[in-house]
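The values are calculated or read from the model by the stated rules, or taken from the named source; none is laboratory data. Because the structure is predicted, anything quoted here is derived from the model rather than measured. Here Cβ is always computed from backbone atoms with ideal geometry, including for glycine, and neighbour counts include all displayed protein chains.
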Amino acid sequence: MGRAELPAGCFRLGEVNGTRRPYEVDQGVALVSVAGLLVPKLGYIGAGWATGYDGLRVQLAHAFADPDVRAICLDIDSGGGIAQGCFDLVDWIVAAKRAAGKPVAAICSEEAYSAAYALACAADSIAVPRTGGVGSIGVWLMHWDQSRMLEGAGMVPTIVQSGAHKTDGHPYAALPEAVRADWQGQVDALRRLFAETVARARGLDFAAVLATEARCFEGPLGTAEAVRLGLADAVLPPDRAFSALLDHVRDNP
């Protein structure tokens, strides 16, 4: 059986080699897209609807080693995604850019929320347009109780399990309070890790990051406040932010 065809402009991670760059280069700046739903493993690069942390690592590793690349632009338009793998990637980007000595700019076009904002924080600067937004430094889980729906359909599921926690959170009954408390502890711990990552990467106070209470800073008022709080560096449309990055590259040969 042949492999499924990928959308135009996409290619598999295994196809990345020394002759094919996994990004475009504009006047010495590598353009790396962070778009759509963010997931740990996607397996290919170039999808408009999702971005894999695996693909981003491959793209950035190549860009940091590419002698024709003098800076990197993270072109971000994402509402976020999966926590698993995100914060490790942020830490890796911060270390890799320092080792390579190449600046990284996060340019929102239009938004960088949640996991996408975490990735933006790995950059040296964050620019957001006045109609865009940043933030949402928080974590959430959802339980869907389907028991009444099934009961109305005349269905009564029976679960046979071994291990007291094997089916924690299953959708066929209301969420037990003990499981709810456990889940709350998990999301609280992940939120602290998120806030620590942002504070460390942006040079902010941990308590101040937590105090945002996962707010989305959007629109003219919100983006201005994000800059005031240190969550972003400038309110600029993407084209002007990219021009500023090109100027920086030209002025620092």
Study note, to complete from the structure: Scanning the stretch 1-54 for residues that are modelled with pLDDT of 95 or more and assigned to a helix (DSSP H, G or I) gives Tyr53, Asp54
Check your understanding: For the stretch 203-218, which residues satisfy the criterion of being closer than 12 Å to Gly135 by Cβ and not in a loop (DSSP other than H, G, I, E, B)?
Key -> Val209, Cys216, Phe217, Glu218
Revision key, fill the gap. The number of residues in the stretch 63-80 that are within 9 Å of the chain's Cα centre (by Cα) and surrounded by fewer than 23 Cβ atoms within 10 Å (Cβ to Cβ) is 2
Review point. Cβ-Cβ below 7 Å, separation at least six or inter-chain, first residue in the stretch 39-59 and of a type in the set (Val, Ile, Thr), second surrounded by fewer than 18 Cβ atoms within 10 Å (Cβ to Cβ) and assigned to a helix (DSSP H, G or I): which pairs?
Key: Ile45/Leu13; Val58/Leu13
Check your understanding: Tell me, which residue of the stretch 95-152 that is among the aromatic types (Phe, Trp, Tyr) and part of a loop (DSSP other than H, G, I, E, B) is farthest from Pro176 (Cα to Cα)?
Key -> Trp140
Check your understanding: Does Ala122 meet the test of being touching a residue at least 12 places away in the same chain (Cβ under 8 Å) and touching a Phe, Trp or Tyr at 6+ places or on another chain (Cβ under 7 Å)?
Key -> no
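Per-residue answers, yes or no, for (1) touching a helix residue (DSSP H, G or I) at 6+ places or on another chain (Cβ under 7 Å); (2) outside the structural domain of Glu110 (by TED's automatic domain parsing); (3) among the acidic types (Asp, Glu); (4) exposed (fewer than 12 other Cβ atoms within 10 Å of the Cβ):
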position: Gln146; (1), (2), (3), (4): no, yes, no, no
position: Ile159; (1), (2), (3), (4): no, yes, no, yes
position: His165; (1), (2), (3), (4): no, yes, no, yes
position: His170; (1), (2), (3), (4): no, yes, no, no
position: Ala181; (1), (2), (3), (4): no, yes, no, yes
position: Ala199; (1), (2), (3), (4): yes, yes, no, no
position: Pro220; (1), (2), (3), (4): no, no, no, yes
Practice item. Considering every residue within the stretch 210-232, establish whether at least one is more than 20 Å from the chain's Cα centre (by Cα), over 19 Å from Tyr113 (Cα atoms) and acidic (Asp, Glu). Key: no
Check your understanding: Given Leu231, Leu245, which one is in contact with a Cys (Cβ under 9 Å, 6 or more places away or on another chain), at pLDDT 95 or above and not in a helix (DSSP H, G or I)?
Key -> Leu231
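Which residues, counting only those in the stretch 178-209, are hydrophobic (A, V, I, L, M, F, W, C) and touching a residue at least 40 places away in the same chain (Cβ under 8 Å)?
Trp183, Val187, Leu190, Leu193, Phe194, Ala195, Val198, Ala201, Val209
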Check your understanding: Which condition number does Gly203 fail, the rest of (1) of a type outside the set (D, E, K, R); (2) surrounded by 12 or more Cβ atoms within 10 Å (Cβ to Cβ); (3) within 27 Å of Cys73 (Cβ to Cβ) being met?
Key -> (2)
